[in-house]
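Colleague: Take this structure first; my questions come after.
The values are calculated or read from the model by the stated rules, or taken from the named source; none is laboratory data. Since the model is a prediction, treat every value here as computed from it, not as a measurement. Here the Cβ positions follow ideal geometry from the backbone for every residue, glycine too, while neighbour counts run over all protein chains shown. Ligands, DNA and RNA are excluded from the accessible area calculation, which covers all protein heavy atoms including side chains. Shrake-Rupley method; radii C 1.70, N 1.55, O 1.52, S 1.80 Å.
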Amino acid sequence: MTSSTAFSGNPVLRVPPTSPAAAAAHFSASLAFHADVSDVAAALSAAREGGAAGPGFVVVDSRSTESWDQGHVPGALHLPTALVAAQAPLLLDRAVPVVTYCWGPGCNGATRAALALAELGYQVKEMLGGFEYWVREGFPFETWRGDDRRAADPLTAPVGTDDCGC
């Protein structure tokens, strides 16, 4: 029995998994391109609490001004995707990695901003989940009215602890 015959009735395994070596290369590359919301929050918090000059990266919100005003990650730089090419060289240091975000998993604005920044010579990662998951995981955010925070959604974050165990 060939591997394709063994998996033919299973929709998950209809296309067989790749080799462990290919999977390791793929997932390693994925981690080089993406940052988790909770990891970004932890790094920003550690830098604030430790009195560090910064977390070693800058967070860029690539959404519109109206979206920014609705809420954004504290300390983020507002740089809408359409303005990256013109304003990034004035606002960002190429020696400092950038983490982009937009609304959430259904929006590719952060991906487009990351591409524009990479084409300009910046080291860049995209924050998975965007602002939606920042809020859903219960992290504080800023609005035009001031600071805000919502309770963590138990479907996206552990209840009673900041450590998801990932």
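Colleague: Which one is most open to solvent (accessible area, probe 1.4 Å), of the residues in segment 149-166 that are touching a residue at least 40 places away in the same chain (Cβ under 8 Å) and under 16 Å from the mean Cα position of the chain (by Cα)? It would help to see each step written out before you state the result.
Modeller: Taking segment 149-166 first, the residues touching a residue at least 40 places away in the same chain (Cβ under 8 Å) are 157, 162, 164, 166.
In the following step, the residues that additionally are under 16 Å from the mean Cα position of the chain (by Cα) were identified as 157, 166.
Working: 157: 14, 166: 151 Å².
Filtering first and then ranking leaves 166.
Colleague: Let me ask something else. Output the number of residues of segment 115-129 satisfying the condition of being touching a residue at least 40 places away in the same chain (Cβ under 8 Å) and within 11 Å of the chain's Cα centre (by Cα). Talk me through it step by step, then tell me what you get.
Modeller: Within segment 115-129, the first condition is being touching a residue at least 40 places away in the same chain (Cβ under 8 Å), and the residues that meet it are 117, 125-129.
Next, only the ones that are within 11 Å of the chain's Cα centre (by Cα) stay: 125-129.
Of the residues in that region, 5 qualify.
Colleague: Within segment 142-161, how many residues are within 20 Å of residue 65 (Cα to Cα) and of a type in the set (A, V, I, L, M, F, W, C)?
Modeller: The number of residues fulfilling the criteria is 1.
Colleague: Shifting gears a bit: Looking only at segment 10-27, decide whether some residue is outside any helix (DSSP H, G or I), among the β-branched types (Val, Ile, Thr) and touching a helix residue (DSSP H, G or I) at 6+ places or on another chain (Cβ under 9 Å). Walk me through how you get there before you give the answer.
Modeller: Our first condition is that a residue be outside any helix (DSSP H, G or I); within segment 10-27, this holds for 10-19.
Okay, now just the ones that are also among the β-branched types (Val, Ile, Thr), so 12, 15, 18.
Within this subset, residues satisfying the condition of being touching a helix residue (DSSP H, G or I) at 6+ places or on another chain (Cβ under 9 Å) are 15, 18.
Yes, segment 10-27 contains at least one residue that is outside any helix (DSSP H, G or I), among the β-branched types (Val, Ile, Thr) and touching a helix residue (DSSP H, G or I) at 6+ places or on another chain (Cβ under 9 Å).
Colleague: Taking the stated definitions as given, is residue 60 open to solvent by less than 20 Å² (accessible area, probe 1.4 Å) and modelled with pLDDT of 95 or more? Let's see the steps before the verdict.
Modeller: Details: open to solvent by less than 20 Å² (accessible area, probe 1.4 Å): yes; modelled with pLDDT of 95 or more: yes.
Here the answer is yes, as residue 60 does meet what is asked.
Colleague: Within the set of pairs 6 or more residues apart or between chains, which connect a residue that is free of Cβ contacts under 8 Å to residues at least 60 places away in the same chain inside segment 137-148 to a residue that is in a loop (DSSP other than H, G, I, E, B) and open to solvent by less than 60 Å² (accessible area, probe 1.4 Å) with Cβ atoms less than 9 Å apart?
Modeller: 138/152; 138/153; 138/156; 138/157
Matching residues to (1) closer than 23 Å to residue 39 by Cβ; (2) surrounded by 14 or more Cβ atoms within 10 Å (Cβ to Cβ); (3) modelled with pLDDT of 95 or more; (4) of a type in the set (Gly, Ala, Ser):
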| position | (1), (2), (3), (4) |
| --- | --- |
| 68 | yes, yes, yes, no |
| 78 | yes, yes, yes, no |
| 85 | no, no, yes, yes |
| 90 | no, no, yes, no |
| 98 | yes, yes, yes, no |
| 101 | yes, yes, yes, no |
| 106 | yes, no, no, yes |
| 111 | yes, yes, yes, no |
| 120 | no, yes, yes, no |
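Colleague: Now a separate question. So how many residues does segment 123-143 have that are over 25 Å from residue 88 (Cβ atoms) and open to solvent by 60 Å² or more (accessible area, probe 1.4 Å)?
Modeller: 1
Colleague: Quick check on residue 39: is it of a type in the set (Asp, Glu), touching a strand residue (DSSP E or B) at 6+ places or on another chain (Cβ under 8 Å) and surrounded by 12 or more Cβ atoms within 10 Å (Cβ to Cβ)? Step through it out loud before you land on a result.
Modeller: Numbers: of a type in the set (Asp, Glu): yes; touching a strand residue (DSSP E or B) at 6+ places or on another chain (Cβ under 8 Å): no; surrounded by 12 or more Cβ atoms within 10 Å (Cβ to Cβ): yes.
Judged against the criteria, residue 39 is not a match.
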